[in-house]
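The values are calculated or read from the model by the stated rules, or taken from the named source; none is laboratory data. The model shown is predicted, which means the values in this text are computed figures rather than measured ones. Here the Cβ positions follow ideal geometry from the backbone for every residue, glycine too, while neighbour counts run over all protein chains shown.
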Amino acid sequence: MPTPPIDVKRVLVVTAHPDDVDFGASATVAAWTRAGIDVSYCICTSGDAGGFDDTPRDQMAPLREAEQKAAAVEVGVHDVTFLRYPDGKLTPSIELRRDISREIRRVQPQRVLTQSPEIWWKRLGASHPDHRAAGEAALAAVYPDARNPFAHPELLADEGLEAWTVRELWIMGAPEERVDHPVDVTATIECKIAALGAHGSQTAHMEGLEERIRGTAADVARRFGLPDGTLAEAFQVVTVG
């Protein structure tokens, strides 16, 4: 018997870098916000190791934070938190688990969207070590940390953040055999394209980006047997007991 859908009012997205959510899920995020769901972002690093030009390193993190905030607006998101861990050095540490747990308790989401902790061998770029670290830490924060009042006790004692139970975990960039839930994003693909355009430090040099995004979304829709002309993003969805 299929699991009945949960009532989702709030979603927290946890990613490693600015632009990760926009490449992986921003058309879906736009669909959620259009449906009246409040979406918040938790970005573990500020992307200071990114870029393709001669932007001074000390300017990269502030630039990418600004780009991510602008991209978020394009998909209806206005709550963006940066944890500011070093880009390229992310690990699923107890500290990262605590900081993501803090955001879960603050936002109180029914659903968390994050990156896969697994390696997708057919598309290795999706499995950047930082992506996997963010996914592993977010998974641990969802279960068991954020729901356990005795985990990270300082969150309650010092910050008054009560335990919170997330009911659903959505994973992007998972190996294909794990992906089981398509989302029709035909109506919001333009929001995704606009969001990616806001990440100029990462995408300005990419030729044919819009065509690539549309082509990938069409391929996903075909793989799940959706009607011709449909565009889709797809995820591994886990119901959390």
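List of remarks:
- Applying the criterion of being at pLDDT 95 or above and among the polar types (S, T, N, Q) to the residues of the stretch 186-231, the residue that is farthest from the chain's Cα centre (by Cα) is 230.
- The single condition among (1) closer than 19 Å to residue 85 by Cβ; (2) part of a helix (DSSP H, G or I); (3) more than 19 Å from the chain's Cα centre (by Cα) that residue 152 does not satisfy is (2).
- Single residue of 103, 95 found to be in a helix (DSSP H, G or I), over 28 Å from residue 31 (Cβ atoms), among the acidic types (Asp, Glu) and modelled with pLDDT of 95 or more: 95
- Only residues that are closer than 15 Å to residue 199 by Cα, part of a strand (DSSP E or B) and small (Gly, Ala, Ser) were counted in the stretch 40-88, giving 0.
Yes/no matrix, rows are residues, columns are (1) free of Cβ contacts under 8 Å to residues at least 40 places away in the same chain; (2) over 22 Å from residue 240 (Cα atoms); (3) in contact with a Ser or Thr (Cβ under 6 Å, 6 or more places away or on another chain); (4) not hydroxyl-bearing (Ser, Thr, Tyr):
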{"site": "35", "(1), (2), (3), (4)": "yes, yes, no, yes"}
{"site": "83", "(1), (2), (3), (4)": "no, yes, no, yes"}
{"site": "97", "(1), (2), (3), (4)": "no, no, no, yes"}
{"site": "117", "(1), (2), (3), (4)": "yes, no, no, yes"}
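- Residue in the stretch 134-146 that is under 16 Å from the mean Cα position of the chain (by Cα), at negative phi and at pLDDT below 95 present: no
- Of the criteria (1) closer than 22 Å to residue 72 by Cβ; (2) touching a helix residue (DSSP H, G or I) at 6+ places or on another chain (Cβ under 8 Å), which one residue 91 fails: (1)
- Flag for residue 140 being hydrophobic (A, V, I, L, M, F, W, C), touching a Lys or Arg at 6+ places or on another chain (Cβ under 9 Å), more than 17 Å from residue 20 (Cβ to Cβ) and surrounded by fewer than 19 Cβ atoms within 10 Å (Cβ to Cβ): no
- Applying the condition of being farther than 15 Å from residue 43 by Cβ and touching a Leu at 6+ places or on another chain (Cβ under 9 Å) to the stretch 77-107 and asking which residue is surrounded by the most Cβ atoms within 10 Å (Cβ to Cβ) yields 101.
- Long-range neighbours under 9 Å by Cβ, at least six apart or interchain, first residue under 15 Å from residue 220 (Cβ atoms) and of a type in the set (Lys, Arg) within the stretch 166-178, second surrounded by fewer than 21 Cβ atoms within 10 Å (Cβ to Cβ) and modelled with pLDDT of 95 or more: 178/118; 178/236
- Conditions (1) more than 17 Å from the chain's Cα centre (by Cα); (2) of a type in the set (Asp, Glu); (3) crowded, with 23+ Cβ neighbours inside 10 Å: number failed by residue 20: (1)
- Test: residue in the stretch 178-200 that is in a strand (DSSP E or B), in contact with a Lys or Arg (Cβ under 6 Å, 6 or more places away or on another chain) and surrounded by fewer than 20 Cβ atoms within 10 Å (Cβ to Cβ): no
- Residue 163 falls short on exactly one of the conditions (1) touching a Pro at 6+ places or on another chain (Cβ under 6 Å); (2) crowded, with 20+ Cβ neighbours inside 10 Å, and that condition is (2).
- Of everything in the stretch 205-225 that is assigned to a loop (DSSP other than H, G, I, E, B) and in contact (Cβ under 8 Å) with a residue 40 or more places away in the chain, the residue that is nearest to residue 31 (Cα to Cα) is 224.
- Residue match in the stretch 113-121 (condition: assigned to a strand (DSSP E or B) and not hydrophobic (A, V, I, L, M, F, W, C)): yes
- Qualifying residue in the stretch 167-177 (condition: surrounded by 21 or more Cβ atoms within 10 Å (Cβ to Cβ), within 16 Å of the chain's Cα centre (by Cα) and assigned to a loop (DSSP other than H, G, I, E, B)): yes
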